[in-house]
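The values are calculated or read from the model by the stated rules, or taken from the named source; none is laboratory data. Remember, predicted model here, so these are calculated numbers, not experimental data. Methodologically, a virtual Cβ is constructed for each residue, glycine included, from the backbone with ideal geometry; neighbour enumeration extends over all protein chains shown.
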């Protein structure tokens, strides 16, 4: 998949001028975009979550809007509202910030459940309904939401239905010593985000997304994905395992990851690498397991270690 690989490499390199040493995070965002999915970033303040979204949008030449979520945010503040026009004696629809290519929903868990639910139709169906009228959204369309894992006062945890709408959940993480030195040098004068230029045509994403369908997935790899997901539903520490949407996210994401890395076939390692961002946020622990200090990621690691794969025919050489 040379077109997809070259497209991704250009974006990753360009974003690297702003976000130092976080190529994997950029790669995962591109995986979601190629699968027409959405991303939830859970991390502490100041690690570059907003900069990541802005740099990706600038690199793609896509429209970008930031939605600062607060408890007083209303659903119409996201989807839009119908306003009465006196001169035409009719109601006119004024689109909300969701009508964009990349929407950054900053601190999404600070919005009330009613407002959070306004994103469900947009994320799942790529459309919004206001006053009984349905409006299609732009393509490509990515919701990149952020939340702070430390502060809980004044927040509303995302319900399972909304968490399941996010294809991937990831963490940017702190830079290491060498990366932080480079970052300080880069920020000595003008912020790099101010000079980030478009390097690819983001409007090609729907076309490239169709190429992902042709990435070969061996029956043994598809079986491995299914058994991983099934194992989460039987695990004694879990109240809720991964949904069928989760298995599809893992399947399609592995295809996209393989294409980004220049292959036209999926390896088991692609599945293992994507299992954590694609499945962990879909697992709900039993209360007693949580009290014992267990986490969904711990359980997923156990499932990955205990679930083997029986390879079919030899994979093509890279």
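For the reader, a short list of remarks on this structure follows.
- Selection status of residue 179, in contact with a helix residue (DSSP H, G or I) (Cβ under 8 Å, 6 or more places away or on another chain), at pLDDT 85 or above and either exposed (fewer than 13 other Cβ atoms within 10 Å of the Cβ) or in a helix (DSSP H, G or I) (or both): no
- Per the listing 219, 214, 201, the residue uniquely exposed (fewer than 14 other Cβ atoms within 10 Å of the Cβ) and under 29 Å from residue 51 (Cβ atoms) is 201.
- When residues in segment 111-153 are screened for being assigned to a helix (DSSP H, G or I) and either over 25 Å from residue 48 (Cβ atoms) or in contact with a strand residue (DSSP E or B) (Cβ under 8 Å, 6 or more places away or on another chain) (or both), 12 of them pass.
- Of the criteria (1) assigned to a helix (DSSP H, G or I); (2) surrounded by fewer than 24 Cβ atoms within 10 Å (Cβ to Cβ); (3) in contact with a strand residue (DSSP E or B) (Cβ under 9 Å, 6 or more places away or on another chain); (4) touching a residue at least 12 places away in the same chain (Cβ under 8 Å), which one residue 32 fails: (2)
- Filtering 156, 166 for residues that are surrounded by 15 or more Cβ atoms within 10 Å (Cβ to Cβ), touching a strand residue (DSSP E or B) at 6+ places or on another chain (Cβ under 8 Å), on the phi < 0 side of the Ramachandran plot and in a loop (DSSP other than H, G, I, E, B) leaves a single hit, 166.
- Considering segment 97-135, and only residues there that are more than 17 Å from residue 67 (Cα to Cα) and in contact with a helix residue (DSSP H, G or I) (Cβ under 7 Å, 6 or more places away or on another chain), the residue that is surrounded by the fewest Cβ atoms within 10 Å (Cβ to Cβ) turns out to be 129.
- From the options 296, 256, 275, residue that is modelled with pLDDT under 95 and under 23 Å from residue 38 (Cα atoms): 296
- Qualifying position, being assigned by TED's automatic domain parsing to the domain that holds residue 61, within 21 Å of residue 29 (Cβ to Cβ), within 17 Å of the chain's Cα centre (by Cα) and free of Cβ contacts under 8 Å to residues at least 60 places away in the same chain, among 122, 161, 145: 122
- Criterion: surrounded by fewer than 18 Cβ atoms within 10 Å (Cβ to Cβ), modelled with pLDDT of 90 or more and closer than 28 Å to residue 15 by Cα - qualifying residue of 94, 66: 66
- Look at (1) out of contact with any helix residue (DSSP H, G or I) (no Cβ under 7 Å at 6 or more places or on another chain); (2) surrounded by 12 or more Cβ atoms within 10 Å (Cβ to Cβ); (3) part of a helix (DSSP H, G or I) and you find that residue 173 fails only one, number (3).
- Test: residue 18 is assigned to a helix (DSSP H, G or I) and either in contact with a helix residue (DSSP H, G or I) (Cβ under 9 Å, 6 or more places away or on another chain) or closer than 25 Å to residue 120 by Cβ (or both): no
- The residues in segment 17-27 that are surrounded by fewer than 24 Cβ atoms within 10 Å (Cβ to Cβ) and either in contact with a strand residue (DSSP E or B) (Cβ under 9 Å, 6 or more places away or on another chain) or free of Cβ contacts under 8 Å to residues at least 24 places away in the same chain (or both) can be counted, and the count is 2.
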